[in-house]
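Heads up: the structure comes next, in structure tokens.
The values are calculated or read from the model by the stated rules, or taken from the named source; none is laboratory data. Not measured: the values here are computed from a predicted model. Here the Cβ positions follow ideal geometry from the backbone for every residue, glycine too, while neighbour counts run over all protein chains shown.
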Amino acid sequence: MSNLSGDGMSESPGFHDADSSIAASSVPRPVSTPQDSQVANSATDEPGMNAPMTPPGPTWFQRLSAILFIIFCFELGLFLLVYPWTESWSSNYFAWAVPGAMQTTWHTFWQNTYTRGGVSGIGIVNIWIAMMELFRMFRDRHRGHQ
């Protein structure tokens, strides 16, 4: 671009340093004053305001969501743990999903015991997640009663 100002710095159209300083200075910033902190302290001086706040317990929707999540993870984990070792594993849709010349290679990979073990490992991880969520739910429930 050409130098319009002649000071050795090129300018792009529509952008000036003055514009950026105006935009930056027009952003409101909170300023804390000693009076603000005194007002905040006087609000906590009222009776009952200094009591420690305890978080509310889980609602019915949170508990229902946790239970459904636990059931889903457990069932999915159990399915992924057992299904690769059944006879129907080799005849499902995904075993024959690759068309053409790659089909035999894909089927060999699909039948490999390491592939089956990997899928079963994902199932174990899902069961572990379900158990940890179940323990967390009961731990939080017992903490709420104390």
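The set of residues in segment 87-96 that are within 34 Å of the chain's Cα centre (by Cα) and surrounded by fewer than 12 Cβ atoms within 10 Å (Cβ to Cβ) comprises 93, 94. Only one entry of 113, 104 meets the criterion of being at pLDDT below 95 and loosely packed, with under 12 Cβ neighbours inside 10 Å, and that entry is 104.
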